[in-house]
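Trainee: For reference, the structure I am asking about is given below.
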Amino acid sequence: MAQSSSEKFLIVFTGGGSGGHIYPLIAVAEALKHELATLNAPYEFFYMGGKDSYTPALIDHGMTISPIVTGKLRRYLSLENIIDIPKFFIGFFQALFHLYFIMPDIVFSKGGPGALPVVLAAWFYRIPVTFHESDAKPGLNNLLSAYFARRIFLSFDRAAVYFNPAITQVVGSPLREELLVGRTTKELARENFGFDSGKPLVLILGGSQGSARINEFVLENLAQFVEVTQVLHQAGTANILEVQKLSHAALLEAPTANRYQVVDYFKNDMALALTAADLVVARSGSSVFEFAAFGLPAILIPLTESANGHQLLDAIEFSKTGAALVIEEDNLLPGLFFGQLKALLGAPDVLTKMSAASSAFFKPGAAEAIAKETIAIVAG
């Protein structure tokens with residue numbers, strides 16, 4: 001049924017488990033707000049999924065939270081399935097309940113724990129479903145959701161082989177407005193963090209929740225890091241106190257201690273951190289599109305245990321362009337790593353080429369493309 005311009009658009013967002021799921025939802029919500037404002041169309045946004053540390057961010061972006069129990073779907077035998085399979089069915093019936101009273105015009109899913117029960121409940125009510133897949137190799141949630149989807153959006157070209165081409169569109173990864181607008185210069189960004197504006201800076205990221213293994217590697221080799229470069233290190237909220245304590249001890253006798261800074265999480269200044277850096281050392285995943293948006297070269301260390309090995313595949317796709325080097329965790333040894341790091345920082349022309357390749361990898365307008373298609377499905 002076509003939607004009249006005077007009716008309120010009711011949109012349910014679902015997905016979760018990490019910032020890689022939540023932040024794209026926020027980006028699409030921001031784009032939808034702009035598109036609906038141009039149409040002078042009223043709207044109401046809802047989020048259906050588990051309650052976690054990202055819930056306040058969703059509330060801040062105007063979403064009404066309808067919590068459901070979430071469980072992880074696994075393709076392998078695990079004792080945790082004994083708990084998570086019942087959680088899946090509980091979440092499904094909770095989604096049925098919430099959707100009955102909301103009865104939205106459309107459901108947009110980002111995948112992750114809690115998304116599939118909402119997708120299935122929406123299909124039960126014949127509510128249109130769309131979703132976005134961030135990775136080069138889709139997760140189980142989205143592979144199953146594809147059977148019920150009206151439209152499928154992808155970050156990577158490589159993922160298209162898994163879905164019906166008639167309803168699939170490669171748009172890139174939706175990025176939040178705060179990453180794309182109001183940028184400053186590299187020099188001012190470095191000074192904002194207290195670094196020397198004229199010396200190289202490496203940004204070390206462990207994902208939205210930090211990485212214990214990357215943190216351990218940094219701490220074990222901190223004296224060598226600060227000898228080579230300035231370092232801005234995001235350690236994760238759960239790890240920050242320990243990393244602060246150990247890094248302070250490691251740098252007590254280092255004459256270049258002012259070249260290292262550790263933070264728990266870049267809540268509002270991720271754009272500033274990405275602008276300040278010459279090179280990023282990080283996990284892989286959808287974050288490579290954030291690096292590409294800033295033309296950042298990267299050394300990627302994919303998480304070995306990532307579902308379906310998707311981090312390694314994402315890293316390989318990014319590195320194929322010439323924008324990144326990939327070091328698997330088993331090969332994360334000081335000799336190899338610092339050999340690569342020194343070679344890159346000592347070759348400005350190589351970094352420039354990698355930066356250009358990174359920028360070329362970026363696909364702008366992903367959130368806007370999803371928003372326009374969402375509105376077209378509802379209105380059509």
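Trainee: Which ones in the range 261-294 are in a strand (DSSP E or B) and either surrounded by 21 or more Cβ atoms within 10 Å (Cβ to Cβ) or of a type in the set (K, R) (or both)?
Mentor: Keep residues of the range 261-294 that are in a strand (DSSP E or B), which gives 261-263, 279-282.
Passing the criteria: V262, L279, V280, V281, A282.
Trainee: Can you tell me which residue among L201, L205 is among the hydrophobic types (A, V, I, L, M, F, W, C) and either at pLDDT 95 or above or not assigned by TED's automatic domain parsing to the domain that holds T275 (or both)? Walk me through it before giving the result.
Mentor: Numbers: L205 fails: either at pLDDT 95 or above or not assigned by TED's automatic domain parsing to the domain that holds T275 (or both).
Answer to the selection: L201.
Trainee: In the range 351-370, is there at least one residue being among the acidic types (D, E), within 30 Å of N40 (Cα to Cα) and in a helix (DSSP H, G or I)?
Mentor: yes
Trainee: Separate question: Which residue is nearest to A276 (Cα to Cα), if the candidates are limited to the range 209-254 and must be among the aliphatic types (A, V, I, L, M) and assigned to a loop (DSSP other than H, G, I, E, B)? Step through it out loud before you land on a result.
Mentor: Residues of the range 209-254 that are among the aliphatic types (A, V, I, L, M), as a first pass: 212, 214, 218-219, 222-223, 226, 228, 231-232, 235, 238, 240-241, 243, 246, 249-252, 254.
Then drop every residue that is not assigned to a loop (DSSP other than H, G, I, E, B), which leaves 235, 238, 251-252, 254.
On the way: A235: 17, A238: 25, L251: 22, L252: 25, A254: 23 Å.
Selected residue: A235.
Yes/no per residue for (1) in contact with a Leu (Cβ under 7 Å, 6 or more places away or on another chain); (2) within 22 Å of E290 (Cα to Cα); (3) assigned by TED's automatic domain parsing to the domain that holds K110; (4) charged (D, E, K, R):
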| residue | (1), (2), (3), (4) |
| --- | --- |
| P138 | no, yes, yes, no |
| N141 | yes, no, yes, no |
| A146 | no, no, yes, no |
| R150 | no, no, yes, yes |
| L154 | no, yes, yes, no |
| T168 | yes, no, yes, no |
| R183 | no, yes, no, yes |
| K186 | no, yes, no, yes |
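Trainee: Next question. For the range 227-237, indicate whether the set of residues that are over 26 Å from D135 (Cβ atoms), of a type outside the set (A, V, I, L, M) and surrounded by fewer than 17 Cβ atoms within 10 Å (Cβ to Cβ) is non-empty.
Mentor: Of all residues in the range 227-237, those over 26 Å from D135 (Cβ atoms) come to 227-232.
Those still in the list that are of a type outside the set (A, V, I, L, M) too: 227, 229-230.
Applying the additional criterion that residues be surrounded by fewer than 17 Cβ atoms within 10 Å (Cβ to Cβ) yields 227.
Taking every residue of the range 227-237 in turn, at least one turns out to be over 26 Å from D135 (Cβ atoms), of a type outside the set (A, V, I, L, M) and surrounded by fewer than 17 Cβ atoms within 10 Å (Cβ to Cβ).
Trainee: Continuing with the same structure: For the range 184-195, which positions are over 22 Å from A282 (Cα atoms) and touching a helix residue (DSSP H, G or I) at 6+ places or on another chain (Cβ under 7 Å)?
Mentor: The answer is T184, and nothing else.
Trainee: Residues of the range 273-301 being over 17 Å from S319 (Cα atoms) and in contact with a Ser or Thr (Cβ under 7 Å, 6 or more places away or on another chain), which ones?
Mentor: Result: T275, single match.
Trainee: Considering only the range 34-54, how many residues are within 26 Å of A95 (Cα to Cα) and out of contact with any Phe, Trp or Tyr (no Cβ under 9 Å at 6 or more places or on another chain)?
Mentor: Looking only at that region, the number is 4.
Trainee: Please find, within the range 224-240, the residue that is nearest to E305 (Cα to Cα) out of those that are modelled with pLDDT of 90 or more and of a type outside the set (V, I, T). Break it down stepwise before answering.
Mentor: Within the range 224-240, the first condition is being modelled with pLDDT of 90 or more, and the residues that meet it are 224-235.
Now restrict to residues that are of a type outside the set (V, I, T): 224-225, 227, 230, 232-235.
Values: Q224: 28, F225: 26, E227: 32, Q230: 30, L232: 25, H233: 22, Q234: 21, A235: 19 Å.
Residue satisfying both the conditions and the ranking: A235.
Trainee: Next question. Take the conditions modelled with pLDDT under 90 and in contact with a helix residue (DSSP H, G or I) (Cβ under 7 Å, 6 or more places away or on another chain) and apply them to A292. Does it pass?
Mentor: Details: modelled with pLDDT under 90: no; in contact with a helix residue (DSSP H, G or I) (Cβ under 7 Å, 6 or more places away or on another chain): yes.
Here the answer is no, as A292 does not meet what is asked.
Trainee: Right, next: Go through the range 181-202 residue by residue and tally those that are within 19 Å of V263 (Cα to Cα), exposed (fewer than 14 other Cβ atoms within 10 Å of the Cβ) and of a type outside the set (A, V, I, L, M).
Mentor: Matching residues across the range 181-202 total 2.
Trainee: So which residues in the range 91-144 are of a type in the set (G, A, S), at pLDDT below 95 and farther than 21 Å from E373 by Cα?
Mentor: Let us first name the residues in the range 91-144 that are of a type in the set (G, A, S), namely 91, 95, 109, 111-112, 114-115, 121-122, 134, 136, 139.
Add one more test, that the residue is at pLDDT below 95, and what stays is 91, 111-112, 114-115, 134, 136, 139.
G91, G112, G114, A136, G139 - these are the residues of the range 91-144 that are of a type in the set (G, A, S), at pLDDT below 95 and farther than 21 Å from E373 by Cα.
Trainee: Pick from A324, A371, A315, A366: which is of a type in the set (A, V, I, L, M, F, W, C) and out of contact with any Leu (no Cβ under 6 Å at 6 or more places or on another chain)? Let's see the steps before the verdict.
Mentor: Details: A324 fails: out of contact with any Leu (no Cβ under 6 Å at 6 or more places or on another chain); A371 fails: out of contact with any Leu (no Cβ under 6 Å at 6 or more places or on another chain); A315 fails: out of contact with any Leu (no Cβ under 6 Å at 6 or more places or on another chain).
Among A324, A371, A315, A366, only A366 is of a type in the set (A, V, I, L, M, F, W, C) and out of contact with any Leu (no Cβ under 6 Å at 6 or more places or on another chain).
The values are calculated or read from the model by the stated rules, or taken from the named source; none is laboratory data. Everything numeric in this text was worked out from a predicted model, so none of it was measured. Using ideal geometry, Cβ is built from the backbone for each residue, glycine included, and neighbour counts are taken over all protein chains shown.
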